[in-house]
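Below is one structure, written out as structure tokens, with a few remarks after it.
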Amino acid sequence: MSTYKSDFLNILSERGFIHQVSEPDALDARAASGQITAYIGYDCTAASLHIGHLLPTMMLYWLQQTGHRPIALMGGGTTRVGDPSGKDESRRILTEDMINENLRSIRQTFSKFLKFESDGGNAVMANNADWLNQLNYIDFLRDVGRHFSVNRMLSFDSVKMRLERQHELSFLEFNYMILQAYDFVELNKRYGCALQMGGSDQWGNIVNGIDLGRRMNDAHLFALTAPLITTASGAKMGKTAAGAVWLNADLVSPYGYWQFWRNTEDGDVARFLKLFTTLPLGEIAKLTALQGSEINEAKKVLATEATALMHGRAAADEAAGTARKTFEEGTFAASLPTVEVARATLEQGIGVLNAFAELSSLVSSNGDARRQIKAAGLKVNDVTVSDEKMVLTAKDLTADGAIKLSLGKKKHVLLKPI
RNA sequence: GGGAGAGUGUCCCGAGUGGCAAAGGGGGCGGACUGUAAAUCCGCUGGCUACGCCUUCGUAGGUUCGAGUCCUACCUCUCCCA
């Protein structure tokens, strides 16, 4: 591992964020001698970022922590086109209203990691719709389009793959890489931005931007990509039953978020601590020296630290406490996810199937509940349900005034009368 | 515009002969073993008021006792020719 002169590259490198850098020495010299401005592009096809966005966001975090200026570029304009990279299916095109809605929501997530000008920081949130929406087609072709060689564009993997697999690649999508290159040039002009970061799959797109900058404005731009994160067993990160692990608290609760990190595979703990927490490396080394089941301690730290970054220290500690009570002490944690029922309904009796399917949503249907009962997967107050006709009444309330419904060993919901 | 092919269980890939709630994977969920891990093994993976009923194979019709399967039209996509 090479040592850099700048804190920025040193930290990214030590923590495992770097996959490829263009002209590392030149970039290092620049970062060591003054402030650089760098950006990462995000799409806004959803109302929340997910775990997959976390890694690039941490790069922006460290950028700012080491005295530089981060730009989070929202693809308000390019989202209306769709990135063909690595995807066979054309991305769904959203309306402008939906995009703006998503933008608002995502900004909140960024403000957890970055200090924007309104908070006394120097981070910038830009939207490429600001310049892309105004482009004049003829002017754009003349000023930008002439710098692109179709021969070369056809040789990019993302394009080649689509052609080889005989999947359609529309002209619209084909232009995505040109727009992204143009973003870089525009940010360079507006903010003096000299570095674009992103996932390793973005390398080609970023390099295009570097070329375009040199040709149009004689600008000297840089690229830095992060490795693609997969779990030790090779799965893509951030996928669960429910789909993506979202960062917004209303989509995935802090407790659920904590659990996600808690269930990290052994082989990933060290890497994730470095990437997704801000703990000093020395401390991380100590944690990851733990052997066997001891490594669970490291997982708890990972979960709490990652959750604290995202949802705040208090929420993280609460999630850790809930988990401790539920899993280690086997007791009742009143802070588990809770569903309320009318007391009168409970007095009349609630069928287990109904309780699990309709009320708690732990299972998707009555049929699913039946199957889980057959497989001994459902528990009421920690007792396995064996009869699908079982009825829950006020008698089932524990001393804490609720009924604990469990699916498997990990998913619990409290049923509380009101 | 002409010709050739494709669309299957709302997670994905993918068999499918007129009797099909539809093979097989992957993924996911549950169980066992463990450490809330991985690996391994086992079970499940349309809905319901459930020995029955209802809804599913691009869409809409049709032929049949019976259609994912045959016919017609339409939609979407791919390839070749113009």
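Things to note:
- Bridge orientation summary for chain A: considering DSSP beta bridges with both residues in this region, about 45 percent are antiparallel.
- Modelled FRET efficiency - R0 51 Å, A:Asp382 with A:Arg214, Cβ distances, 0.05 increments: 0.20
- Whole-Hz Karplus values for the range A:103-108 come out as 4, 4, 5, 5, 4, 4 Hz, taken residue by residue from phi with 6.51 cos²θ - 1.76 cosθ + 1.60 and θ = phi - 60°; glycine and proline positions read x.
- HN-Hα J in Hz across the range A:289-300 - Karplus 6.51, -1.76, 1.60, θ = phi - 60°, x for Gly and Pro: 6, 4, 10, x, 5, 4, 4, 4, 4, 5, 5, 5
- Helix A:176-191 and the longest principal axis of the Cα set of chain A meet at an angle near 80°.
- Residue pairs, from the table A:Lys189/A:Lys274; A:Lys325/A:Lys416; A:Lys299/A:Lys325; A:Lys379/A:Lys416; A:Lys300/A:Lys374, whose Cα atoms sit over 27 Å apart: A:Lys189/A:Lys274; A:Lys300/A:Lys374
- The range A:272-418: antiparallel DSSP beta bridges as a percent of all, rounded to 5: 75 percent
- Packing rank of A:312-322, A:217-227, A:342-352, where each peptide gets the mean count of other beta carbons within 10 Å, highest leading: A:217-227, A:312-322, A:342-352
- Relative contact order (percent, whole number), the range A:262-418, Cα cutoff 8 Å, 6+ residue spacing: 19 percent
- For A:Arg262, neighbours were defined as the other residues whose beta-carbon sits under 10 Å from its Cβ, and their charges (Lys and Arg +1, Asp and Glu -1) total +3.
- Close amide H partners of A:Asn127, meaning residues 5 or more places away or on another chain with modelled amide H under 5 Å apart, are A:Met74.
- Relative contact order %, chain A, counting alpha carbon pairs below 8 Å whose residues are six or more apart: 14 percent
- The C-alpha radius of gyration of chain A, expressed as a fraction of 2.2 N^0.38 Å, stands at 1.15.
Each reported figure results from applying straightforward, stated rules to the coordinates on display, with no laboratory input. Everything quoted here is computed from the prediction, not taken from an experiment. Every residue, glycine among them, receives a Cβ derived from its backbone with ideal geometry; neighbour counts consider all protein chains shown.
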